[in-house]
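Everything on this sheet refers to the single structure shown next.
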Amino acid sequence: MKVLQFILSTILLFTISFSALAHDGHDHGSIYASLIHLLWLAPALIALSFLYSRILSQLYKMDK
């Protein structure tokens, strides 16, 4: 359960736009900033979920 809480809090942290963390040419004040961050994070989250399921299946010797 702690892994799920960590993943959800990380997603929340990266989808909230902080104007103070923005660099030149990168508008965190835009209404689409959270969506763009989520789109950039999507491949990483898919890869992590795939690796997590592979690790669980090897750990518990689950066959599909």
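The values are calculated or read from the model by the stated rules, or taken from the named source; none is laboratory data. Keep in mind the model is a prediction, meaning the values are calculated, not measured.
Annotations for the structure displayed:
- Taking the range 30-50 as the range and being part of a helix (DSSP H, G or I) and more than 14 Å from the chain's Cα centre (by Cα) as the test, only 33 passes.
- Residue list for the range 6-29, restricted to those being more than 12 Å from the chain's Cα centre (by Cα) and either at pLDDT 80 or above or in a helix (DSSP H, G or I) (or both): 19, 20, 21
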